[in-house]
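A short worksheet on the structure shown next.
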Amino acid sequence: MPSPPAKDIEQYPRGFTDGRARNFFQLSLVFSALAAGAYLCFRLALPFITPLVIAVVLAIILAPLHRRVEHRLKWPSMAAGLIAVAAALGILGPMIVLVAELVNDAAQGAAVLRGSIEAGFIEKTLSAHPKLSAVAAWMLARIDLQGVLGEGATRLTDFSASFLRISLVQVVSFLLTFYMLFYFLRDRRAALVSVRSFLPFTADESSILFARLADTVHAVIFGTVVTGVIQGVLGGFIFAFAGIPAPLLWGLAIGVVAILPVLGTVLVWLPAVIIVALNGEWLRAAGIATAFLAIGVLDTFIYPALVGNKLRLHTALTFIAVVGGLIVFGPAGFILGPLCIAVTLAVRDIARARIRSAYV
């Protein structure tokens, strides 16, 4: 095919293709800068992801209370400040007292065990059970049990003594949690409007997404609290049945510690098992340990079932969300894992509704 004349080529809209290319290149730079900025912001927030997530969770849980207080005071900043301070005092005080007491008990248990070993408790026990003496002698010849227990007791004691000397990172994390809680409560309406403006959804779709997020947070908190109560009640009954003093107090401690994903109920029941074993009641000590291990295994099934039923999710999917979230995000994954699943499913439902409206 012959090429068009030169005059005809000059009549073509020169610069149209170049203009589109230039606009595309500029838009690519803008989105590249946006992606780089978002990544840097994520890296900056990553060390504080746990306090930020806790602040968001507390803001969602305390929002109804803040609305009532704000309605009475007619001053949003004062209402948000009062609730943030009350939440900080209500969480920090009992947590410090409880954890310090548990660490003290663990240190005392390790010290008692070390003293019993030094007094020849193991030798006396092995002499009463000749069949175990050969195996135990082989293990003791290769493990400095007294040194290990001594070092463990020393470290637990030092940690207990210095527990109240909080590090700078912990102080910043704690202050950031309730500092952000104050703003999340006071400016929640403006924050929601701002977030809605960035989402590629309609007002109704954004409302569905936010409702799903709130339901997920409430379901996780519900499952955590119920699981902690179950563990506390069962732990108290086990202590009472085993004859451990103050079973009600220790059951309460188990319930509180079970709520905290970083810690574990082992800090409560392990010292009791050690003390019972040192009194020569090996069968009772083994029974207590077995019962609490069974409760721990049961917890891995109760919590996903509770959360999954509230969110109408399969138990296995909830289990993957919680455990995977803890692996990927650390303690914050306790919330972020289920939130990731909830957001993904909500976006799936929105996309499905759009497709149906377009083709039906």
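Any read-out appearing in this document is the output of simple, stated calculations on the displayed coordinates, not a laboratory observation. Just so it is clear, the model here is predicted, and its values are computed rather than measured. Cβ: placed from backbone, ideal geometry, glycine included. Neighbour counts: every protein chain shown.
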Estimated translational D of the stretch 199-360 in µm²/s (Stokes, Kirkwood radius over Cα pairs; 10 °C; 1.306 mPa s): 90 µm²/s
Trypsin sites (Lys or Arg not before Pro) restricted to DSSP loop in the stretch 26-74 with at most 15 other C-beta within 10 Å: 74
Shape box of the stretch 266-360 [Cα atoms, principal axes, largest first, Å]: 75, 22, 14
